[in-house]
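Reviewing the structure listed below.
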């Protein structure tokens with residue numbers, strides 16, 4: 001039996017076009033992020049070999065809130081809908097994101113996010129994980 005393996009980004013683009021573009025529609029596709037590196041410049045790890053599971057979360061971080069130190073065991077990326085979020089790596093680098101920005105998160109590296117603003121942060125995060133395995137591990 002042959003197994004066809006298709007990358008998650010390719011599936012997302014195909015689904016977006018299939019769902020929103022009519023045959024004669026002038027569909028527009030805007031690439032928000034395309035990279036093989038995490039936000040700190042490190043290369044992304046390989047995708048899981050078995051039991052893939054995609055999780056999509058909408059996360060709201062209240063104003064003046066700091067999340068606990070954590071790491072992700074899987075590749076994930078986010079899109080900031082509103083507010084301003086600073087992500088800080090335990091190793092030192094940090095990055096500030098605002099509405100409309102994208103983030104390819106750190107994998108297997110301790111980090112945290114903080115909302116120092118007066119507005120809640122809303123971010124949609126896509127995780128390319130494995131069935132029955134955690135996506136986030138708190139320190």
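Computed from label points 7 Å out along Cα-Cβ, the spacing between residue 32 and residue 55 is 1.9 nm. For region 84-139, the normalised intensity computed at q = 0.26 Å⁻¹ comes to -1.23 (log10 of I(q)/I(0), Debye sum over alpha carbons, equal scatterers, no solvent).
What's the FRET efficiency of residue 47 with residue 120 using the Cβ-Cβ distance as r and R₀ = 25 Å, to the nearest 0.05? Working shown, then result.
Numbers: r = 32 Å, r/R0 = 1.28.
It comes out at approximately 0.20.
In plain terms, the residue of 47, 79 with the fewest other Cβ atoms within 10 Å comes first and the most crowded comes last, giving 47, 79.
Panel order for 38, 69, 95, by other beta carbons found within 10 Å of each beta carbon, from fewest to most: 69, 95, 38.
Computed over region 36-138, the percent of Cα pairs more than 20 Å apart is 35.
At a 10 Å Cβ-Cβ cut-off, how would you order 36, 82, 89, fewest neighbours first? Working shown, then result.
Details: 36 7, 82 14, 89 17.
If I rank by nearby Cβ atoms, fewest first, I get 36, 82, 89.
Readers should treat all values here as calculations from the given coordinates under stated rules, not as data from a laboratory. This structure is a prediction, so every number in the text was calculated from the model and none was measured. All Cβ positions, even for glycine, are placed from backbone atoms using ideal geometry, and neighbour counts span all protein chains on display.
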